[in-house]
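Single-structure report; data block below.
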Amino acid sequence: MTDVLARLPETGVRVYTLDAATFARVSDASTPQPLLASVPLPISELDSITLEGLVLVLHDVRDPGNAGTLIRSADASGASGVVFTGHSVDPFNPKTLRASAGSVFHVPVVVAELDDALESLRARGARIYATVVRGGLSHRIIDFTTASAVLIGNEAEGLSDAVVADCDAAISIEMAGESESLNAGVAGSLIAFEALWQRRGTTSPPSPSSL
């Protein structure tokens, strides 16, 4: 951390030293890291999403852990962006930011009305897929090599019938065992990486492991 503090003044960043009591009051965490920063929110516009990768649309996703996980997975899988619609959690909620592990600064994040998001994506040739627990097409047979967007619904209720009907197709993740459904963050992540593998094709060499 000392090296970081030494470099910051050279970039024009103002640095303040706080006593422990003041630092604890301005931080929202019970055990904060010893460095806080104030930065502009990286909010993107719908038209800035390039559609070169999958777009995740989070509709009424309320859990900040799931939302942050999906932003992180979108970044790791090369997705074009993440769109928050409906009554989804604030993508810049402190818990969401922590769960994204910094990926909120690497992948476009948009806040929009669902109708506006779908209209923008369709106008640029994207096919829209709704996720459902059962009864949809397997996500493994969907062609994600073309412009695509996938809707992830509320953790408890999923997507409404009206929203599903407004999409081009419904998709499901095949499951074994007795589990009723997958966590929204896990489901969206599996689909995001399926899109990555399809776009790379079978002849592309794997990336070096991050482990």
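I'd like to check something: does region 10-26 contain any residue that is among the acidic types (D, E), part of a loop (DSSP other than H, G, I, E, B), without any contact (Cβ under 8 Å) to a residue 60 or more places away in the chain and assigned by TED's automatic domain parsing to the domain that holds A187?
Our first condition is that a residue be among the acidic types (D, E); within region 10-26, this holds for 10, 19.
Next cut, part of a loop (DSSP other than H, G, I, E, B) only: 19.
Then drop every residue that is not without any contact (Cβ under 8 Å) to a residue 60 or more places away in the chain, which leaves 19.
Subsequent filtering for residues that are assigned by TED's automatic domain parsing to the domain that holds A187 retains none.
No, region 10-26 has no match at all.
Among the residues of region 69-95, write down those that are crowded, with 24+ Cβ neighbours inside 10 Å and part of a helix (DSSP H, G or I).
Matches in region 69-95: L70, I71, S73, A74.
What do you reckon, is T85 over 16 Å from S189 (Cα atoms), outside the structural domain of A165 (by TED's automatic domain parsing) and of a type in the set (V, I, T)?
Criteria not met by T85.
Among (1) assigned to a helix (DSSP H, G or I); (2) of a type in the set (D, E, K, R); (3) closer than 19 Å to F193 by Cα, where does D143 come up short?
(1)
Within region 110-127, is even one residue assigned to a strand (DSSP E or B) and out of contact with any Ser or Thr (no Cβ under 7 Å at 6 or more places or on another chain)?
Of all residues in region 110-127, those assigned to a strand (DSSP E or B) come to 110-111, 127.
Of the ones still in play, those that are also out of contact with any Ser or Thr (no Cβ under 7 Å at 6 or more places or on another chain) are 111.
The answer is yes; a qualifying residue exists.
With the requirement that a residue be touching a Ser or Thr at 6+ places or on another chain (Cβ under 8 Å) and either assigned to a strand (DSSP E or B) or at pLDDT below 95 (or both), what does region 156-172 give you? Explain how you work it out, then say what you get.
First pass over region 156-172, keeping only residues touching a Ser or Thr at 6+ places or on another chain (Cβ under 8 Å): 158-159, 170-172.
Result: G158, A170, I171, S172.
The values are calculated or read from the model by the stated rules, or taken from the named source; none is laboratory data. It should be emphasised that the depicted structure is a prediction, and the values quoted were computed from it without experimental measurement. In this analysis, Cβ positions are derived from the backbone assuming ideal geometry, glycine residues included, and neighbour counts consider all displayed protein chains.
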